[in-house]
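Data first, discussion second: the structure below is written as structure tokens.
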Protein chains: 2
Amino acid sequence: MKVEFWFEFASTYSFLSAMRLPDIAARRDIEILWRPFLLGPIFTSQGLTSSPFSVYPIKGRYMWRDVERRAKRLGLAFRQPERFPHNGLLAARVATAAPPGTAMTRFCQAVYEAEFVHGCDISDRLTISTCAKAARLSSDVIDRAASDDIKQQLRKTTEDAQTRGIFGAPSFTVGNELFWGDDRLEDALDWAKAHG
Amino acid sequence: MKVEFWFEFASTYSFLSAMRLPDIAARRDIEILWRPFLLGPIFTSQGLTSSPFSVYPIKGRYMWRDVERRAKRLGLAFRQPERFPHNGLLAARVATAAPPGTAMTRFCQAVYEAEFVHGCDISDRLTISTCAKAARLSSDVIDRAASDDIKQQLRKTTEDAQTRGIFGAPSFTVGNELFWGDDRLEDALDWAKAHG
């Protein structure tokens, strides 16, 4: 059974999952559908004005330490960016415009590295086009990302996420089964194997 | 190095940790200090009027399914109680009054089973005295739990939790290092071993 991976470019724990998921899924021979979406509208519909990590600073402080520890454990480079959360809209549109496959997942990883390793602004067009080039996406992807069709597709993915009960990122779905958080990645893959 | 286990009797994920922690800690030969505290005052100081699972119902719905799945995976009996969250004040006072040791941890587990397996009201004195008896706590523990000294001790533990940056339960501390959530239990024990 396929696993759908729902991620938001502003999300620290999505970063952890995006970096480690391709290898784990390949080892276990599980197909992953990458689903970039926006958390903003979902937070707003819950009455949250920003990320819970900003709304509840005590939780935010813990999150940074936790992500730092987890990244170290996973052997991933990580540096807390100066601002948080970043605006992941442009990156999400480009990821939506990119055809599924290795170049698309490499693009997503490049964006996360730009944001959480190098401290770049991922709402900047130059940052995103550099990531697209590094991932070998076709050169017109940034322009296509600005089309009404892609904007509408991203809106639809975000609505789908909400319909499935998704409220945070990363999330994983296997059929109707929902798993929330980087620490449920293995559970989601186990579920897919057991219920394949 | 010792691990401090911070738990709240109303908390579903604290239930999971309380049931599995004694065996895991014994196998790894790590000393655990059980720290019952109250989340209510900590939620209030963050501007939350209740458990985040009640304030954000979409998160609450996910939590019940997640706990059900986790309990099954851990081989623990579990049934979603009719009401949530329960008032864990009486149980926390009795756990505070009980001397540390096997009877105290057995009492905590009995309370969690009463709440999350049998659907009992843990604010009820009869429920709690039955748990105390089953755990072989001394018969005066319920009366001692109502003393000013114990009330003050529980207030102090809750203040300590807040000072350490604790905002949810279960939490684990190893020195100044904080771990939040049942899914960080193993990380906390690993940390204690590595930094012992």
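Data table
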{"read-out": "Every pair of residues 6+ apart whose Cβ atoms lie under 8 Å, when the first sits in region A:106-130 and is closer than 17 Å to A:Asp23 by Cβ while the second is open to solvent by less than 20 Å² (accessible area, probe 1.4 Å) and of a type in the set (Ser, Thr, Tyr)", "value": "A:Tyr112/A:Ser14"}
{"read-out": "Leading residue by the ranking (farthest from A:Pro52 (Cα to Cα)) among those in region B:30-58 that are touching a Lys or Arg at 6+ places or on another chain (Cβ under 7 Å) and open to solvent by 30 Å² or more (accessible area, probe 1.4 Å)", "value": "B:Glu31"}
{"read-out": "Check on B:Thr130, crowded, with 16+ Cβ neighbours inside 10 Å, at pLDDT 95 or above and hydroxyl-bearing (Ser, Thr, Tyr)", "value": "no"}
{"read-out": "Helices (runs of 4 or more DSSP H) contained in region A:1-92 and holding at least 3 residues closer than 22 Å to A:Ala161 by Cβ and of a type in the set (A, V, I, L, M, F, W, C)", "value": "A:12-28"}
{"read-out": "Condition broken by A:Ala114, with the remaining ones in (1) among the hydrophobic types (A, V, I, L, M, F, W, C); (2) under 26 Å from B:Lys59 (Cα atoms); (3) open to solvent by less than 40 Å² (accessible area, probe 1.4 Å); (4) more than 14 Å from chain B (Cβ to nearest Cβ) satisfied", "value": "(2)"}
{"read-out": "Members of region A:151-190 found to be open to solvent by 60 Å² or more (accessible area, probe 1.4 Å), assigned to a helix (DSSP H, G or I), without any contact (Cβ under 8 Å) to a residue 40 or more places away in the chain and within 12 Å of chain B (Cβ to nearest Cβ), listed by number", "value": "A:Thr163"}
{"read-out": "Lone qualifier among B:Ala18, B:Ala103, B:Ala92, B:Ala26 - being touching a Cys at 6+ places or on another chain (Cβ under 8 Å) and either at pLDDT 95 or above or open to solvent by less than 60 Å² (accessible area, probe 1.4 Å) (or both)", "value": "B:Ala18"}
{"read-out": "Yes/no for A:Asp121 being open to solvent by 30 Å² or more (accessible area, probe 1.4 Å), at negative phi and at pLDDT 95 or above", "value": "yes"}
{"read-out": "Total residues in region B:14-72, condition within 26 Å of B:Thr157 (Cα to Cα), more than 9 Å from chain A (Cβ to nearest Cβ) and hydrophobic (A, V, I, L, M, F, W, C)", "value": "17"}
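The values are calculated or read from the model by the stated rules, or taken from the named source; none is laboratory data. Please read all numbers here as calculations on a predicted model, not as lab measurements. Note that each Cβ is placed from the backbone with ideal geometry, even for glycine, and that neighbours are counted across all protein chains shown. Calculation scope for accessible area: heavy atoms of the full protein, side chains included, ligands and nucleic acids excluded. Shrake-Rupley method; radii C 1.70, N 1.55, O 1.52, S 1.80 Å.
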